[in-house]
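Heads up, the thing below is written out as structure tokens.
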Amino acid sequence: MGRAEGKTVIVTGAARGMGRAIGHRLVEEGANVIFADMNAEGANEAAAAAAEVGPGQATGMPVDVRNREQTKALVDEAVSKWGRLDVMFNNAGVNKPEKFLETTEENWQFIMDVNALGVMLGMQEAIKQMLKQDKVNGIRGKIINTGSIVGRDGMDPNVAPYSVSKFGVFALTQMGAREFSGEGITVNSFAPGVVATELWEVLDGQLVDLGIGEKKGDPMRMFSENILMGRVATPDDITGTTTFLASSESDYMTGQTLMIDGGMVLD
């Protein structure tokens, strides 16, 4: 029996990278998962690949996490297909580096809308549904938010909006835990460090354009120098922790952020 057997799960930002890996691992562990993403084709492809290995079911669905109606429709679809919503992964996120003094209002608002407002809307619509559900072993549902090490340490002034948005994710996690844990809804987050995904490949090139390093690959190498484990993470390095957070093994945990960064930030 898988660690997520029979659970209904939504993962946003699931067309690629960490979101795809999180959803894929949960399907392998027996969960029924909606792979949600603005990239509808990518979401459907990721879901189809996961469904092939099972044993859980998987489907893709387009969503703009900045849009409440679309987010509500996403939750409604999960309930329509599988009867309830057990776990909501608010994972969708964006980043666009700019030097601190050149950060524009447009870039600030775009990143904050996706990374912070999107998490709040996802939490709200998921929790509204979870409050309608019966408890299973004392739990109505779980909210899991994707943070970042730069939400714990403002280490790079070239990603100020992103860093602020991820600080906000941790605040939303704590406030959600205080408000709803008594209702049987837990709210936790996790904070990756440098993860080898398509997003980091794009960021690497953008940082070179800002003068961080001389050639592609330099920024990732520079950011990775302080990783105690001696290497960058892969998406599969993240999924053990995310599966734990989605499973009943984390039922007595709420309001926490788990660092999955190979030892870059030490509390």
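Taken together, the values in this text are just the output of simple stated rules run on the coordinates, not laboratory data. Keep in mind that this is a model prediction, so the values were computed, not measured. Glycine gets a Cβ as well: all are built from the backbone with ideal geometry, and neighbour counts include every protein chain shown.
Give the residues of segment 127-166 whose amide nitrogen is closer than 16 Å to a point set 7 Å from the Cα of ASP251 in the direction of its Cβ.
134-143, by backbone N distance to the label point.
Any idea what angle helix 198-209 forms with the longest principal axis of the chain, computed on alpha-carbon atoms, 0 to 90 degrees, nearest 10?
Orientation of helix 198-209: about 20 degrees from the principal axis.
Tell me, what is the FRET efficiency for LYS128 and MET222 to the nearest 0.05, using R0 = 51 angstrom and their Cβ-Cβ distance as r? Mind showing how you got there, number by number?
On the way: r = 43 Å, r/R0 = 0.85.
Calculated transfer efficiency: 0.75.
Between SER181 and GLU5, what is the spin-label point distance in nm, taking each point 7 Å from the Cα along the Cα→C-beta axis?
Result: 2.9 nm between the two label points.
If you keep only loop residues by DSSP, which trypsin sites (Lys or Arg not before Pro) in segment 119-214 have at most 12 other Cβ atoms within 10 Å of their Cβ?
Working: sites: LYS128, LYS132, LYS135, ARG140, LYS142, ARG152, LYS166, ARG178; in loops: LYS132, LYS135, ARG140, ARG152.
Loop-located and lightly packed - LYS132, LYS135.
Taking the Cα atoms only, what angle lies between the long axis of helix 160-180 and the longest principal axis of the chain, rounded to 10 degrees?
30 degrees
Please list 3J(HN,Hα) in residue order for segment 116-130, calculated via the Karplus relation 6.51 cos²θ - 1.76 cosθ + 1.60 where θ = phi - 60°; whole Hz, with x for glycine and proline.
Residue by residue, segment 116-130 yields 10, 4, x, 5, 4, 5, x, 4, 4, 5, 5, 5, 4, 5, 4 Hz.
Could you calculate the FRET efficiency of GLU198 with ASN67 from 1/(1 + (r/R0)^6), where r is the beta carbon distance between them and R0 is 35 Å, rounded to 0.05?
The formula returns an efficiency of 0.90 here.
Please turn the phi angles of segment 225-235 into ³J(HN,Hα) values with the Karplus equation 6.51 cos²θ - 1.76 cosθ + 1.60 (θ = phi - 60°), one per residue in order, whole Hz, x for glycine and proline.
Those phi angles translate into 4, 9, 6, 5, 6, x, 7, 6, 7, 9, x Hz.
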